[in-house]
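Participant: For reference, the structure I am asking about is given below.
The values are calculated or read from the model by the stated rules, or taken from the named source; none is laboratory data. Computed from a predicted structure; not experimentally measured. For neighbour counting, all protein chains shown are included, and Cβ atoms are generated from backbone atoms with ideal geometry for every residue, glycine included.
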Amino acid sequence: MPEGHVIHRLARLLNDAFAGEPVSVSSPQGTFAQQAAQLDGHVLERAEAWGKHLFIHFAPGNGGASGTVGGAGAVLGPERIVHIHLGLIGTFRLQPADVPVTGQIRLLVSDGTTVAHLHGPQWCRLITEEERDAAVAKLGADPLRPTDPDNLATLDDVHARVARSKRSLGSLLMDQKLYAGVGNIYRAEVLFLLGISPDRAGVGASREDKEQIWELLTDLMAQGEASGRIDTVRPEHTPEAMGREPRKDDHGGEVYVYRRAGQPCLVCGTPIATAVVEGRNLFWCPTCQAE
DNA sequence: TCCTGATGGGTAC
DNA sequence: TACCCCTCAGGAT
């Protein structure tokens, strides 16, 4: 279950494992079988992430004399990019090829050493370069591309749009046309860390607010990309420092407000509040984030 | 055994 | 705004 850091991490792991190699591609669960057959045995050129979107590029070629994977039986057409969006419940994991994979496997990529297996994605489509470009063009600024000049140009536009918006920051932060890759955990944690009420309107946010939000997203998401989990608590609020039980949660990390409704704020003790914003449960501290 | 929720987003009304 | 899809784990029954 992904925010952008998971997708960028996946792209990196896929490149480490497969880039430049011929791979076998299949769809055991069946829904992507026809497309997988077109890719089977061809070279996985590279994987790339934009926000929460993952693109896996294939190039003509096969194992040739090695003959260990696939047959590259099909000629690669203009549709040679797999566009994956994990949605709310999708997973895409890598593991040693000798460990059995169970469950509903939409996409299986293997080089005989490592297996990558995709479950429950919102999308898994075979698309053209033009379609990839169109998908990327719809996205806003991605905090995990902090030095990309195009991305930073987009950021200027994002800040201008936020500055004109009457929508709340709690809503704006979930908009992929603005902040690409940010999801429900980062929106809640960033607003908490900056002491900003999720109700504050874009038009009511200072230039400093917007810059701090971007800087913090950049830091936190880079950490998340490296570690594979979301941790936002400062050293003085870790379970060890506070003598409290570590969080037992599927996302694993230590956070201030996300899914802590009714529990005392780690900083001030006020019960954490929750409300549905943009169709998702938002969490905040009414005291630390008073306005 | 059933029911619900979960780091998401598209489409239809 | 409501509803739909994808999968799976954990809690309620």
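Participant: Those residues that are of a type in the set (S, T, Y) and within 30 Å of A:D175 (Cα to Cα), I need them from region A:1-52; list them, please.
Facilitator: The first filter runs over region A:1-52 and keeps only residues of a type in the set (S, T, Y), leaving A:24, A:26-27, A:31.
Within region A:1-52, A:T31 is the sole residue that qualifies.
Participant: On to the next question. Which residues, taken from region A:29-50, are in contact (Cβ under 8 Å) with a residue 60 or more places away in the chain and touching a helix residue (DSSP H, G or I) at 6+ places or on another chain (Cβ under 9 Å)? Explain how you work it out, then say what you get.
Facilitator: In the first step, residues of region A:29-50 are kept if they are in contact (Cβ under 8 Å) with a residue 60 or more places away in the chain; the result is A:29, A:31-32, A:35-36, A:38-39, A:44, A:49-50.
Of everything in region A:29-50, those that are in contact (Cβ under 8 Å) with a residue 60 or more places away in the chain and touching a helix residue (DSSP H, G or I) at 6+ places or on another chain (Cβ under 9 Å) turn out to be A:L44, A:A49, A:W50.
Participant: For region A:230-246, indicate whether the set of residues that are touching a residue at least 40 places away in the same chain (Cβ under 8 Å) and either surrounded by fewer than 18 Cβ atoms within 10 Å (Cβ to Cβ) or assigned to a loop (DSSP other than H, G, I, E, B) (or both) is non-empty.
Facilitator: Checked region A:230-246: at least one residue is touching a residue at least 40 places away in the same chain (Cβ under 8 Å) and either surrounded by fewer than 18 Cβ atoms within 10 Å (Cβ to Cβ) or assigned to a loop (DSSP other than H, G, I, E, B) (or both).
Participant: Consider only pairs whose beta carbons are under 8 Å apart and that are at least six residues apart or on different chains; among these, list those whose first residue lies in region A:98-109 and is within 16 Å of DNA strand B (Cβ to nearest atom) and whose second residue is assigned to a loop (DSSP other than H, G, I, E, B) and polar (S, T, N, Q).
Facilitator: A:Q104/A:Q29; A:R106/A:S27; A:R106/A:Q29; A:R106/A:T31
Participant: Right, another one. If you take the residues in region A:215-273 that are of a type in the set (K, R) and farther than 13 Å from A:A188 by Cα, which one is nearest to the chain's Cα centre (by Cα)? Walk me through how you get there before you give the answer.
Facilitator: We begin by selecting, within region A:215-273, every residue of a type in the set (K, R); these are A:229, A:234, A:244, A:247-248, A:259-260.
Remaining after also requiring farther than 13 Å from A:A188 by Cα: A:229, A:234, A:244, A:247-248.
Details: A:R229: 11, A:R234: 23, A:R244: 29, A:R247: 21, A:K248: 21 Å.
Step by step, filter region A:215-273, then rank; the result is A:R229.
Participant: Go through the residues of region A:193-203 one by one and say whether even a single one is crowded, with 20+ Cβ neighbours inside 10 Å and within 16 Å of DNA strand B (Cβ to nearest atom).
Facilitator: Within region A:193-203, one or more residues are crowded, with 20+ Cβ neighbours inside 10 Å and within 16 Å of DNA strand B (Cβ to nearest atom).
Participant: A follow-up question, please. Please state which of the following conditions A:E131 fails to meet, knowing it meets all the rest: (1) touching a Phe, Trp or Tyr at 6+ places or on another chain (Cβ under 9 Å); (2) within 16 Å of DNA strand B (Cβ to nearest atom); (3) under 19 Å from A:A59 (Cβ atoms).
Facilitator: Tallying (1) touching a Phe, Trp or Tyr at 6+ places or on another chain (Cβ under 9 Å); (2) within 16 Å of DNA strand B (Cβ to nearest atom); (3) under 19 Å from A:A59 (Cβ atoms), A:E131 fails exactly one: (1).
Participant: Going by what's in this entry, would A:S110 be described as assigned by TED's automatic domain parsing to the domain that holds A:A19 and among the hydroxyl-bearing types (S, T, Y)?
Facilitator: Working: assigned by TED's automatic domain parsing to the domain that holds A:A19: yes; among the hydroxyl-bearing types (S, T, Y): yes.
Yes, satisfied.
Participant: Let me ask something additional. List the helices (runs of 4 or more DSSP H) that sit entirely inside region A:65-179 and contain at least 3 residues that are out of contact with any Lys or Arg (no Cβ under 8 Å at 6 or more places or on another chain). Steps first, please.
Facilitator: On the way: elements: A:129-137, A:149-164, A:169-172.
Here the list reads A:129-137, A:149-164.
Participant: Out of curiosity, is A:V190 within 27 Å of A:A49 (Cα to Cα), within 16 Å of DNA strand B (Cβ to nearest atom), among the β-branched types (V, I, T) and part of a helix (DSSP H, G or I)? First the steps, then the outcome.
Facilitator: Working: within 27 Å of A:A49 (Cα to Cα): yes; within 16 Å of DNA strand B (Cβ to nearest atom): yes; among the β-branched types (V, I, T): yes; part of a helix (DSSP H, G or I): yes.
So A:V190 passes the test.
Participant: In the set A:L217, A:L194, A:L172, A:L178, which member is of a type in the set (A, V, I, L, M), farther than 12 Å from A:G140 by Cβ and outside the structural domain of A:H8 (by TED's automatic domain parsing)?
Facilitator: Selected residue: A:L194, the only one of A:L217, A:L194, A:L172, A:L178 that is of a type in the set (A, V, I, L, M), farther than 12 Å from A:G140 by Cβ and outside the structural domain of A:H8 (by TED's automatic domain parsing).
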